1. In this structure, does residue 50 turn out to be surrounded by 11 or more Cβ atoms within 10 Å (Cβ to Cβ), touching a residue at least 24 places away in the same chain (Cβ under 8 Å), touching a helix residue (DSSP H, G or I) at 6+ places or on another chain (Cβ under 6 Å) and over 17 Å from residue 4 (Cβ atoms)?
2. Which pairs turn up if I take residues in segment 6-18 that are in contact (Cβ under 8 Å) with a residue 24 or more places away in the chain and on the phi < 0 side of the Ramachandran plot and look for partners that are surrounded by 17 or more Cβ atoms within 10 Å (Cβ to Cβ) and assigned to a loop (DSSP other than H, G, I, E, B) with beta carbon separation below 7 Å, at least 6 apart in sequence or on another chain?
3. Taking residue 38 as the residue in question, decide whether it is within 26 Å of residue 55 (Cα to Cα), under 13 Å from the mean Cα position of the chain (by Cα) and not in a loop (DSSP other than H, G, I, E, B).
4. Would a scan of segment 18-34 turn up a residue that is assigned to a helix (DSSP H, G or I), surrounded by fewer than 13 Cβ atoms within 10 Å (Cβ to Cβ), under 15 Å from the mean Cα position of the chain (by Cα) and at pLDDT below 95?
């Protein structure tokens, strides 16, 4: 895996993990490597989709454990 792909993966992972400092760091690295912002945006979108899926899953788990309906989708 080349360095550019690694940085795009890191950007997606940072978005999925809600890590602001990681996104700042890896965006700077992407810029240093000359990675097109459209590619960076796509990587972040994928990370956000992963994050969204995990959030929906944990909300469902919390409702199941707590028997409450206060958790919104």
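The values are calculated or read from the model by the stated rules, or taken from the named source; none is laboratory data. Since this is a predicted model, take the numbers as computed values, not measurements. For neighbour counting, all protein chains shown are included, and Cβ atoms are generated from backbone atoms with ideal geometry for every residue, glycine included.
1. It is true that residue 50 is surrounded by 11 or more Cβ atoms within 10 Å (Cβ to Cβ), touching a residue at least 24 places away in the same chain (Cβ under 8 Å), touching a helix residue (DSSP H, G or I) at 6+ places or on another chain (Cβ under 6 Å) and over 17 Å from residue 4 (Cβ atoms).
2. 7/35; 8/35
3. For residue 38, the condition - within 26 Å of residue 55 (Cα to Cα), under 13 Å from the mean Cα position of the chain (by Cα) and not in a loop (DSSP other than H, G, I, E, B) - is not met.
4. No.
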